[in-house]
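Notes for the one structure printed next.
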Amino acid sequence: MISSNESLFILGLSIVLLLLGAFLSFIAKNSKQGNESTASKIEKILPGVQCAQCGFPGCSAYAEAVASGAALCNKCIPGGPDTVKEIAALLGIAPPSEEDEDLVFLPRLVAVIDENKCTGCSKCLKHCPVDAIEGKIKTVHHINSEECIGCADCSKICPEQCISMQRLKPTSANFNWDIKAVTVKGDKQ
Ligand code: SF4
Ligand code: SF4
Ligand code: SF4
């Protein structure tokens, strides 16, 4: 037989345990939200077009670069000024000035082969993740700038060092609206 004092004790203990559980669950939820990385928050602000016009191979890579301080927050052309301001507010910085030459929007980088130096070894063609390079063995290779996502992988492996990364002149014609549909097949080394 349980006395009334024991019943009260059990009831009190149950209430305390319930409150403790609710408190721990609240702490866990808040700590999870607080742990979201800056890069992840920046990526949520970006439009997700994956067009590489920022000079990085996709929104995720660009968000990482901005979060680490390696890139300015004004390079996403599809996002435009609103995205710049939103990222700047998140980082607690003033939005970059449009008058500063170094801070204006830049068109995307693409790889260009120096035809006078290319020996046609085909290393770059095998390495390109989006099949943007054309050419037969022992003939000069070419890069399709509409397909190139500017990852610079080919320029790093060319034995003749004849691939350079160059910025496209911004025009509505060279904005590759379909590039997000390109299938990246991974490393074909
Ligand atoms: S420019 Fe394109 S790839 Fe770069 S962050 Fe903006 S939408 Fe993403
Ligand atoms: S790796 Fe260099 S030399 Fe070889 S095909 Fe490509 S551009 Fe030409
Ligand atoms: S390897 Fe990268 S930079 Fe080179 S052509 Fe392919 S996508 Fe462009």
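Over segment 38-103, with every protein chain in place, what whole percent of the accessible area is carbon and sulfur at 1.4 Å, could you tell me? Spell out each step's value before the answer.
Details: 1690 of 3360 Å².
Carbon-and-sulfur percentage of accessible area, whole number: 50.
Over 26 Å between C-alpha atoms is what I'm after, so list which of Lys75/Lys117; Lys44/Lys75; Lys85/Lys156 land there.
Details: Lys75/Lys117 32 Å; Lys44/Lys75 15 Å; Lys85/Lys156 34 Å.
Those over the limit are Lys75/Lys117; Lys85/Lys156.
Provide the per residue accessible area, probe 1.4 Å, for segment 110-172, rounded to a whole number of square angstrom. Don't skip to the end; give the middle numbers.
On the way: 3680 Å² over 63 residues.
Per-residue accessible area for segment 110-172 comes out at 58 Å².
Taking all protein chains in place and a 1.4 Å probe, what share, in percent, of the accessible surface of segment 110-172 do carbon and sulfur account for?
Whole-percent figure for carbon plus sulfur exposure: 50.
The values are calculated or read from the model by the stated rules, or taken from the named source; none is laboratory data. All of these numbers come straight from a predicted model, not from anything done at the bench. Keep in mind that these areas ignore ligands, DNA and RNA; they rest on the heavy atoms of the full protein, side chains included. Shrake-Rupley method; radii C 1.70, N 1.55, O 1.52, S 1.80 Å.
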